[in-house]
Amino acid sequence: MDKNELWKNTLAALEVEISKANFAAFFPKTKLISLNQGKAMIACPSSLIAERLTKRYARMIKETLTDLTGKNYHLAFEVRRSYLSSPKPTNLGPLFSHLRDNTGLVPAYTFENFVVGLSNQLAYTAAHSVTDQPGSLHNPLLFYAGVGLGKTHLMHAIGNAFKAKDPKARIRYCPAESFTNEMIEAIQSRRTAAQFRKRFRSIDLLLVDDIQFLAGREATQEEFFNTFNQLYLSGKQIVLTSDHRPWEIRKLEARLVSRFSGGMITDIQPPDLDLRFAILKQKTKERGATLNDKIVLALAEQLVGSIRQLEGALTQLLLLVQTHRETTPEELVNLVIQNNSFHQPSISVSPKAILGEICRQFKTSREELTGPNRSSEVVLPRQAAMYLLRELTSLSLKKVGELLGGRDHSTTLYGIKTIKQRMKADPILHRQVEMIKTSLQ
Ligand code: ADP
Ligand code: MG
């Protein structure tokens with residue numbers, strides 16, 4: 001990917017993560033000037049900006065570059081005043097071309113383009129119900145998940161749906177980081193502090209992203225606690241996201257933990273193969289490109305990380321397809337997969353480990369799993385084993401069937417389909433299988 005293109009994509013990704021004010025303050029006149037031997041050199045228009053980027057945004061920039069290129073870079077910042085006069089980076093791509101209004105909402109993140117699968121359906125359903133019955137059903141609603149799994153997207157989707165229903169509603173999307181920064185600036189004077197309180201306490205829908213950021217910040221927690229209470233008591237809807245459950249966030253005050261846990265808490269799990277495939281299909285379509293299903297499946301099978309990483313890989317692939325017309329798409333896919341291979345679990349999980357874990361969790365034995373018994377106590381773990389063998393290894397259906405006592409291809413396929421349906425209907429079973437998966441990875 002060309003440097004400028006890469007930086008444009010990096011900025012587009014960062015723009016969503018960072019508050020509007022901060023993005024506008026620090027990023028517009030930056031430029032990626034070189035990318036050599038694991039080092040990314042970024043030009044900044046002033047030393048103040050270079051310092052801020054180093055202190056506050058280096059990690060985000062690094063992670064985004066890694067998502068987009070599949071490589072790790074050290075960052076170096078350089079002040080180059082000549083860029084002061086250069087025009088702003090142009091159009092940040094179709095998804096981000098809409099200017100954000102004062103709600104902070106990104107219009108491109110909607111329920112319509114949020115692809116639902118087993119791993120995120122609970123969160124999706126809860127999000128939807130909050131837009132239908134704000135303030136009463138689940139308050140606060142909190143999503144927790146690892147990075148790049150759709151928390152921010154879902155949160156904006158709630159905001160956008162809310163706004164469509166009631167254009168006059170006062171909505172505010174705010175990363176916890178921005179809340180902190182705004183507060184620190186506001187408390188400098190009594191007047192601005194009062195304005196700040198008024199602004200946050202007269203909101204109908206408050207969306208606060210990444211509340212783990214509040215950890216250890218006492219003054220912010222105090223302020224946030226008061227804001228929270230005021231909104232909550234007047235029946236306003238609050239939605240929060242976090243990388244962990246509230247009680248797992250260290251240095252978060254007990255009273256906040258208890259407030260945050262008082263409504264609905266739902267997780268988003270890493271996407272399974274079906275969802276990865278569906279997302280890649282949709283994102284390809286959104287970008288006005290076409291890729292055949294075999295190619296999409298190959299990507300979905302190999303890249304087991306977050307949805308953001310999937311998107312990064314797709315971006316790489318689409319760029320390669322455009323620029324390497326003489327190479328076959330299959331070869332390009334391999335290139336992208338190699339490039340992103342660090343996203344896969346370090347060693348792929350061994351079938352033996354999967355079967356062992358299934359037996360342990362479902363309290364059955366290898367003999368039962370591979371044997372002829374078709375009572376439901378054995379069929380369920382057997383189907384779960386089929387599912388996990390397909391999810392976590394690159395074994396074919398035929399091979400999976402063989403491992404489970406020589407069952408044929410169609411029995412295996414049926415088994416996988418059945419367990420997926422059961423997981424969909426039974427969140428506890430879904431959780432149980434996911435836990436086995438996580439423990440294996
Ligand atoms: P998080 O906030 O959990 O780190 P994001 O919401 O920023 O993750 O999601 C990362 C990227 O993946 C975004 O571009 C988002 O649009 C996309 N994404 C996540 N989940 C889905 C989904 N279910 N359907 C479509 N796109 C998704
Ligand atoms: Mg996020």
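The values are calculated or read from the model by the stated rules, or taken from the named source; none is laboratory data. In this text, all values refer to a predicted model and were calculated from it rather than measured experimentally. Neighbour counts are summed over all protein chains in view; Cβ atoms, including those assigned to glycine, are modelled from backbone coordinates with ideal geometry. Surface areas here come from the heavy atoms of the whole protein model, side chains and all, with no ligands, DNA or RNA. Shrake-Rupley method; radii C 1.70, N 1.55, O 1.52, S 1.80 Å.
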Of the criteria (1) among the polar types (S, T, N, Q); (2) out of contact with any strand residue (DSSP E or B) (no Cβ under 8 Å at 6 or more places or on another chain); (3) at pLDDT 95 or above, which one THR152 fails: (2)
Could you name every one of the helices (runs of 4 or more DSSP H) located completely within the range 17-87 that has at least 2 residues being more than 29 Å from SER242 (Cβ to Cβ)? 47-52
Can you tell me which of (1) open to solvent by 20 Å² or more (accessible area, probe 1.4 Å); (2) more than 16 Å from ligand 2 (Cβ to nearest atom); (3) assigned to a helix (DSSP H, G or I) is the one VAL116 doesn't meet? (3)
Please give the number of the condition PRO107 fails out of (1) within 16 Å of ILE238 (Cα to Cα); (2) buried (at least 17 other Cβ atoms within 10 Å of the Cβ); (3) at pLDDT below 95. (1)
Pull up the range 1-24, narrow it to residues that are in contact (Cβ under 8 Å) with a residue 24 or more places away in the chain and farther than 24 Å from GLU311 by Cα, then point me to the one that is surrounded by the fewest Cβ atoms within 10 Å (Cβ to Cβ). ALA21
Across the range 171-218, the tally of residues that are within 16 Å of ligand 1 (Cβ to nearest atom) and small (Gly, Ala, Ser) stands at 2
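If we scan the range 425-433, do we find a residue that is assigned to a helix (DSSP H, G or I), open to solvent by 80 Å² or more (accessible area, probe 1.4 Å) and farther than 25 Å from THR266 by Cα?
We begin by selecting, within the range 425-433, every residue assigned to a helix (DSSP H, G or I); these are 425, 427-433.
Restricting the remaining residues to those that are open to solvent by 80 Å² or more (accessible area, probe 1.4 Å) gives 425, 428, 431.
Add one more test, that the residue is farther than 25 Å from THR266 by Cα, and what stays is none.
Checked the range 425-433: no residue is assigned to a helix (DSSP H, G or I), open to solvent by 80 Å² or more (accessible area, probe 1.4 Å) and farther than 25 Å from THR266 by Cα.
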Inter-residue pairs, beta-carbon under 6 Å, first touching a residue at least 40 places away in the same chain (Cβ under 8 Å) and in the range 246-268, second open to solvent by 40 Å² or more (accessible area, probe 1.4 Å) and not in a loop (DSSP other than H, G, I, E, B), 6+ apart: THR266/LEU122
Of all residues being at pLDDT 95 or above and not β-branched (Val, Ile, Thr) in the range 198-211, which is farthest from ILE265 (Cα to Cα)? Just the residue, please. ASP204
Restricting to the range 257-275, count the residues that are surrounded by fewer than 19 Cβ atoms within 10 Å (Cβ to Cβ) and more than 30 Å from PHE225 (Cα to Cα). 2
VAL147 vs. criteria among the β-branched types (Val, Ile, Thr), within 16 Å of ligand 1 (Cβ to nearest atom) and either at pLDDT below 95 or out of contact with any Ser or Thr (no Cβ under 8 Å at 6 or more places or on another chain) (or both): yes
Filter the range 220-252 down to residues that are more than 16 Å from ligand 1 (Cβ to nearest atom) and β-branched (Val, Ile, Thr) and give me whichever is nearest to TYR144 (Cα to Cα). ILE238
Can you name every residue in the range 273-294 that is of a type in the set (Gly, Ala, Ser) and at pLDDT below 95? GLY288, ALA289
On the basis of being among the small types (Gly, Ala, Ser), out of contact with any Lys or Arg (no Cβ under 9 Å at 6 or more places or on another chain) and at pLDDT below 85, does ALA21 make the cut? yes
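Can you tell me how many residues within the range 11-60 are of a type outside the set (Lys, Arg) and within 16 Å of ligand 2 (Cβ to nearest atom)?
Qualifying residue count for the region: 12.
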Verdict on LEU137 being in a loop (DSSP other than H, G, I, E, B) and more than 16 Å from ligand 1 (Cβ to nearest atom): yes
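Given LYS31, LYS39, which one is more than 24 Å from the chain's Cα centre (by Cα), open to solvent by 30 Å² or more (accessible area, probe 1.4 Å), in contact (Cβ under 8 Å) with a residue 40 or more places away in the chain and more than 27 Å from TYR173 (Cβ to Cβ)? If you could, list the steps in order and put the result at the bottom.
Numbers: LYS39 fails: in contact (Cβ under 8 Å) with a residue 40 or more places away in the chain.
Step by step, each of LYS31, LYS39 is checked, and only LYS31 is more than 24 Å from the chain's Cα centre (by Cα), open to solvent by 30 Å² or more (accessible area, probe 1.4 Å), in contact (Cβ under 8 Å) with a residue 40 or more places away in the chain and more than 27 Å from TYR173 (Cβ to Cβ).
Name the one entry in ALA289, ALA278, ALA254, ALA298 that is farther than 21 Å from LEU65 by Cα, away from ligand 2 (no atom under 16 Å from the Cβ) and open to solvent by 50 Å² or more (accessible area, probe 1.4 Å).
Numbers: ALA289 fails: open to solvent by 50 Å² or more (accessible area, probe 1.4 Å); ALA278 fails: open to solvent by 50 Å² or more (accessible area, probe 1.4 Å); ALA298 fails: open to solvent by 50 Å² or more (accessible area, probe 1.4 Å).
Answer to the check: ALA254.
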